[in-house]
Amino acid sequence: MVFNASIHYRDGALMIDDISVELIADEVGSPVYIYSLKRVRENLRRLQRAFASIDAHIHYSAKANSNSAVLRAVSKAGAGIDAVSGGEIQRALMAGARAEDIVFAGVAKTRDEIDYAVKSGVGWINVENALEMEHINAAAESLRIGEVKAALRFNPQVEAKTHRYMSTGHGAAKFGMTAASIGRILADCCRLPQVNVAGLHMHIGSQLGDTTATAEALSKLLALAKRYPQIDTLNLGGGLPVAYRFDETAPAMEEFAAEIAGLLRGYRVLLEPGRAIVADAGMLVVTVLYVKRQAGKLFIIVDGSMAELIRPALYQAHHEIVPLIESCGDTYTAQVVGPVCESADVLAWERELPRLEVGDRLAVMTTGAYGMAMASNYNSRLRPAEVVVEASGGSWRVSRRRETIDDILRLERLTSE
Ligand code: LLP
């Protein structure tokens, strides 16, 4: 069975490019995240080609997966970075991104973060309120840095069809600004000579399954942009969807790109996709610790939990789960749960799985985006190792080692009493 160009069974063994997943898990242990850099590059290339007609520049959204090997791979392949904190800017720079290829976004940037971004020379700052404009101007003035390019984030008051936690462009959301606020900032911006407002930004949500809301939001954005001749750049954010189920195919972005190409003529276009570049390049490997039958239910208890992958608990997200050794035998319906002390600690509800035994390993698929990036130390669990299979497909390495309890405890000053 083939899951995508990089993940498939070969002679009954799950492979990521040319490497056996079992071999990695044997050496590194579980739980472990594994990413195919080849797949990351292919996904990026496909997006670059799809949006070539509008000459869009892709800024990979680091929040989806900020592993340094991933950031380096996308930077080398020509993508800029969308960073949402000083930490993400620093990671991007360390991974080799050029400062001018970094877009700094975020609903509440601190003064320190703004100073750091301005000092680093990031290409763009996506602004979410009027006070932030003052902060950017002051930072550029005191650091004696010329103009900083800013894009004002527009909230188009459009409800995207996605999980409610991922819908960001409706009127009640904390994100962006109304057309009226943007108008006021633009009318007043000659007061802030260090900030060059040359762009508008918009991101109406993530995992956007249909393009209706995007099209509506885009027409509102264009209407606004046309009122202001200084606006030459439109940043359309991220949100491109991926298929999480085997029987699903994600809408083709080529079609969407073709639909919007005509509308955007004359503007420089930036995009900030995260998920579409990394989600299906990654998996989380877990090991069965116990099998328990209780109250008519079957629980497969594994060593991975909501601390390593919170998406099922937080968004009721579906991730396919497959054994590392292909099985054609009997199946049963089970819940895949982790060791964390929460009833929400579920990786899959009522899932048809092959019969499993203690020690069997499973791959939780399509977890390259918002997996490790959202992992925590809840229950004093140690964040897992991250392994990358190099773009050649034939070699792998640990990109981030598994945490140890000392990594966590050294942040606390322990008294002897
Ligand atoms: N740009 C902005 C301003 C964003 O807020 C986001 C995502 C992106 C770009 C990238 O969106 P993408 O292309 O990855 O959909 N934790 C959730 C997703 C939250 C997305 C937050 N913002 C999840 O696990 O599905």
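The values are calculated or read from the model by the stated rules, or taken from the named source; none is laboratory data. Just so it is clear, the model here is predicted, and its values are computed rather than measured. So basically every Cβ, Gly included, is an ideal-geometry build from the backbone, and we count neighbours across all protein chains shown. Keep in mind that these areas ignore ligands, DNA and RNA; they rest on the heavy atoms of the full protein, side chains included. Shrake-Rupley method; radii C 1.70, N 1.55, O 1.52, S 1.80 Å.
So between S343 and A13, what do we pick up on full extension, going 0.36 nm a residue minus the alpha carbon distance? Walk me through the numbers before you get to the answer.
Working: separation 330, 0.36 × 330 = 118.80 nm, distance 3.23 nm.
115.6 nm is the gain from fully extending S343 to A13.
Can you pull the one-decimal nm distance between simple spin-label points at Y290 and A108, each 7 Å off the Cα toward Cβ?
3.9 nm
Taking the Cα centre of the stretch 37-274 as the origin and placing charges on Cβ (Lys, Arg +1; Asp, Glu -1), which of A213, I145, A130 is farthest toward the positive end of the dipole?
I145
Using only the alpha-carbon atoms of the stretch 44-158, report the extent along each of the three principal axes, biggest first, to the nearest angstrom.
Extents along the principal axes, in whole Å: 40, 36, 24.
Using the Cα atoms of the stretch 37-274 to build a convex hull, what is its mean projected area in square nanometres?
Values: hull surface 48.7 nm².
Orientation-averaged projected area of the Cα hull: 12.2 nm².
For the pair E134 and A180, what calculated FRET efficiency results from E = 1/(1 + (r/R0)^6), where r is the Cβ-Cβ distance and R0 = 25 Å, to the nearest 0.05? Spell out each step's value before the answer.
Numbers: r = 19 Å, r/R0 = 0.75.
Efficiency for this residue pair is about 0.85.
How much FRET efficiency would the formula 1/(1 + (r/R0)^6) give for L23 and M166, where r is the Cβ-Cβ distance and R0 is 45 Å, rounded to 0.05? The partial results should precede the final answer.
Working: r = 36 Å, r/R0 = 0.79.
With R0 = 45 Å, the Cβ-Cβ based efficiency is 0.80.
Can you pull a Stokes-Einstein diffusion coefficient for the stretch 296-340 at 37 °C (0.692 mPa s), Rh from Kirkwood over Cα pairs, as a whole number of µm²/s? Walk me through the intermediate numbers first.
Working: Rh = 12.1 Å.
Estimated via Stokes-Einstein, D reaches 272 µm²/s.
If you average 1/r over every pair of different alpha-carbon atoms in the stretch 170-234 and take one over that average, what Kirkwood value in Å do you get?
Details: mean 1/r = 0.0758 Å⁻¹.
Evaluated over the stretch 170-234, this radius sits at 13.2 Å.
Ignoring ligands, DNA and RNA, what percent of the accessible area of the chain is carbon or sulfur (1.4 Å)? Can you show the working numbers first?
Values: 9230 of 18460 Å².
Carbon plus sulfur share of accessible area: 50 percent.
Just for the Cα atoms in the chain, what are the lengths along the principal axes, largest first, rounded to whole Å?
The principal-axis extents, from largest down, are 68, 61, 44 Å.
I want to check the label-to-label distance for R397 and E255. Put each point 7 Å from Cα in the C-beta direction and report it in nm to one decimal.
Result for the modelled spin labels: 4.2 nm.
Working out 0.36 nm times the residue gap between S327 and L382, then minus their Cα-Cα distance, what length gain in nm do you get to one decimal?
Working: separation 55, 0.36 × 55 = 19.80 nm, distance 3.06 nm.
That works out to 16.7 nm of additional length.
When each pair of different Cα atoms in the stretch 272-411 is counted once in the 1/r mean, what is the Kirkwood radius in angstroms, to one decimal? Don't skip to the end; give the middle numbers.
Numbers: mean 1/r = 0.0625 Å⁻¹.
Answer for the stretch 272-411: a Kirkwood hydrodynamic radius of 16.0 Å.
Restricting the count to DSSP beta bridges whose residues both fall in the chain, what percent are antiparallel, rounded to a multiple of 5? Mind showing how you got there, number by number?
Numbers: 37 of 71 bridges.
Bridges in the chain that DSSP calls antiparallel: roughly 50 percent.
Tell me what the chain gives for mean residue ellipticity at 222 nm when only DSSP H runs of n ≥ 4 count, each as -39,500 (n - 2.57), the sum divided by the residue total, rounded to 500 deg cm²/dmol. Please list the in-between numbers first.
Details: 12 runs with 111 residues, N = 417.
So the helix-based figure for the chain works out to -7500 deg cm²/dmol.
Which FRET efficiency value, to the nearest 0.05, is calculated for R49 and K297 with the Förster distance at 51 angstrom and r the Cβ-Cβ distance?
Calculated value: 0.65.
Which whole-number value in Å² is the accessible area per residue of the chain, probe 1.4 Å? Don't skip to the answer; put the middle values down first.
Details: 18460 Å² over 417 residues.
That works out to 44 Å² per residue.
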